[in-house]
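Here the structure is laid out as structure tokens; the discussion comes afterwards.
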Amino acid sequence: MTSADHEVLGLLKNSVQPLSVKLSEMLNEHYSHQTERRGCGYTQATRVLAEYVNSARDSEDFQDLKLFENWETKQLRKIIEHSATHHLDLSDWHNLDQNTQVQAYLAVADDGEYKTALDTEYRRQAALRNLSQKATLEESKLICSLIEDVLLPKSAANTGLVELNNISDKPKVGSCPMAENFFLKIAHRQLLRQGEINIFVDDDGQPLLMEKMNMGDDHSCISLKPLIMNGIRLPVGSLFSVNYDRAEVADKRPNKEFKGYVMHHTAINGFWFLRLTTLAVSPENRKRAFSTHFEQQVANGLFSPGTTEMQQLINVALSQLD
């Protein structure tokens, strides 16, 4: 680690486990990720994390640990496989630090190889939980939270967040660095003449996501509230895609102001998470967080990428409701 390393890398190395080489290079903004197509390493890192967001957590699979460099899966397998021998009923390695059986066992069990292995994993997961609170940078908090939830998945019931259905196949909607273009314009109520927006709402009729149509890629959505998908919390300003025929949605009503409709988020089959948008970070920290991606938006003349706030998009969505 060097003084130039991204804050997230130091937090994970010192408290949990070093992040994978690939993600480390991205967060350290290696030039190979600062391309016109990728935007910047930070953006690219959120695309990598999207692969995990779009996959259901699997109690018998250890792929989630590939986020880290050399997180030993053999030890975790043994912990699960030999749990019954130690009068434990462990079927899932996720969230071991909140498992009451594990806590009780560690409190009274005699020292030994199994207890040592279990205690190691318990402490490592406990260190990962809420690591985002130790981060000082806004963008670091977002990444730490995403990584935490891959290994320590949450639930809609425990978080109070709306759970989005996840579709199984990625729609043909891009996530290039200019994907924010029309959302920035919409935030300033600058829709193209043929442009439309659809508002997906929750059970209380409150806006969850905004979808744009006839402006760049159709079926591109941005989240207006924190959401959860496959156990992973996703912040406001997350980019999603969908694939559905709006004509087939029976329960929808026209927007109050702009072309498009208001419909419940379950009116379609589901969503696909693409990445975090630059709008996920507040204006004062956006340039630091997204570096060359942000600079690219400025160079391409996007509509106020450095000052536009998510609340402006939320207000546009709210104005479409009855």
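The values are calculated or read from the model by the stated rules, or taken from the named source; none is laboratory data. Every value quoted in this text rests on a predicted model; they were computed, and no experiment measured them. Reconstructed Cβ throughout: ideal geometry from the backbone, glycine too, with neighbour counts over all protein chains shown. In case anyone asks, the SASA skips ligands and DNA or RNA and just uses the protein heavy atoms, side chains included. Shrake-Rupley method; radii C 1.70, N 1.55, O 1.52, S 1.80 Å.
Quick notes on this structure:
- Number of the condition not met by residue 174 [criteria: (1) within 25 Å of residue 281 (Cα to Cα); (2) in a loop (DSSP other than H, G, I, E, B); (3) open to solvent by 60 Å² or more (accessible area, probe 1.4 Å)]: (3)
- Residue in the range 254-271 that is under 19 Å from the mean Cα position of the chain (by Cα) and part of a strand (DSSP E or B) present: yes
Yes/no per residue for (1) out of contact with any Cys (no Cβ under 6 Å at 6 or more places or on another chain); (2) open to solvent by less than 70 Å² (accessible area, probe 1.4 Å):
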residue	(1), (2)
286	yes, yes
291	no, yes
294	yes, yes
298	yes, no
304	yes, yes
309	yes, no
313	yes, yes
316	yes, yes
321	yes, yes
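- On the stretch given as the range 183-221, residues that are in a loop (DSSP other than H, G, I, E, B) and either open to solvent by less than 40 Å² (accessible area, probe 1.4 Å) or not assigned by the TED database to the domain that holds residue 171 (or both) total 6.
- Cβ-Cβ under 7 Å pairs, at least 6 apart or on other chains, the range 130-143 side assigned by the TED database to the domain that holds residue 28, far side open to solvent by less than 10 Å² (accessible area, probe 1.4 Å) and assigned to a loop (DSSP other than H, G, I, E, B): 138/281; 139/281; 141/135
- Flag if residue 10 is open to solvent by less than 30 Å² (accessible area, probe 1.4 Å), over 24 Å from residue 153 (Cβ atoms), in the same structural domain as residue 77 (by the TED database) and part of a helix (DSSP H, G or I): yes
- Residue 69 vs. criteria in contact with a Pro (Cβ under 6 Å, 6 or more places away or on another chain) and not aliphatic (A, V, I, L, M): yes
- Test: residue in the range 21-41 that is surrounded by 15 or more Cβ atoms within 10 Å (Cβ to Cβ) and either aromatic (Phe, Trp, Tyr) or in contact with a strand residue (DSSP E or B) (Cβ under 7 Å, 6 or more places away or on another chain) (or both): no
- For the range 225-256, taking the residues that are of a type outside the set (Gly, Ala, Ser) and in contact with a Cys (Cβ under 8 Å, 6 or more places away or on another chain), the one that is surrounded by the fewest Cβ atoms within 10 Å (Cβ to Cβ) is identified as 242.
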